[in-house]
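The values are calculated or read from the model by the stated rules, or taken from the named source; none is laboratory data. This structure is a prediction, so every number in the text was calculated from the model and none was measured. Here the Cβ positions follow ideal geometry from the backbone for every residue, glycine too, while neighbour counts run over all protein chains shown.
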Amino acid sequence: MPKEISLDIIREIDLLGAKPTATLLEQNHHLAFADGPIFSHPDRYRHLFDCLIYLCFTRPKLSYCVHMLSQFMQQPKEDHCNVALYVVRYLKGNLGQ
């Protein structure tokens, strides 16, 4: 079941052709200090975040990343969205886990 949900999210975000990643968020990230432009579609960021929260129930390894991304719900910057997409690419590389 989690595999199908992950595939649905990857398909919905349109990352089926993206290169998968083997690791999650790096430990010494600087998300709080991101100074790039504010993401132009915060509703898309929030929707992706909601999907990731749902996956945390079956994939506890995502909890740290989702917690970090939750801090930027009000004004997500493009860097934050890129990290969220990176997490989706991680899901793509680890569907069977």
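Worth a mention:
- Enumeration of residues in region 1-49 that are without any contact (Cβ under 8 Å) to a residue 40 or more places away in the chain and either surrounded by 11 or more Cβ atoms within 10 Å (Cβ to Cβ) or of a type in the set (Phe, Trp, Tyr) (or both): Asp8, Glu12, Phe33, Pro42, Arg44, Tyr45, Arg46, His47, Phe49
- Restricting Glu4, Glu12 to residues that are of a type in the set (Asp, Glu), at pLDDT below 85, assigned to a helix (DSSP H, G or I) and closer than 18 Å to Lys92 by Cβ narrows the list to Glu4.
- Residue list for region 67-82, filter: surrounded by fewer than 20 Cβ atoms within 10 Å (Cβ to Cβ) and not acidic (Asp, Glu): His67, Met68, Ser70, Gln71, Met73, Gln74, Gln75, Lys77, Asn82
- Answer residue from region 53-66, given it is free of Cβ contacts under 8 Å to residues at least 24 places away in the same chain and more than 13 Å from Leu24 (Cα to Cα) and is farthest from the chain's Cα centre (by Cα) among those: Phe57
- Matching residues in region 1-31 - criterion: being farther than 18 Å from Lys61 by Cα, out of contact with any helix residue (DSSP H, G or I) (no Cβ under 9 Å at 6 or more places or on another chain) and acidic (Asp, Glu): Asp14
- Residues of region 82-97 satisfying the condition of being free of Cβ contacts under 8 Å to residues at least 60 places away in the same chain, part of a helix (DSSP H, G or I) and under 17 Å from Leu55 (Cβ atoms): Val83, Ala84
- Checking each residue in region 15-60 for being among the aliphatic types (A, V, I, L, M) and either farther than 13 Å from Asn82 by Cα or in a loop (DSSP other than H, G, I, E, B) (or both) picks out Leu15, Leu16, Ala18, Ala22, Leu24, Leu25, Ala32, Ala34, Leu52, Ile53, Leu55.
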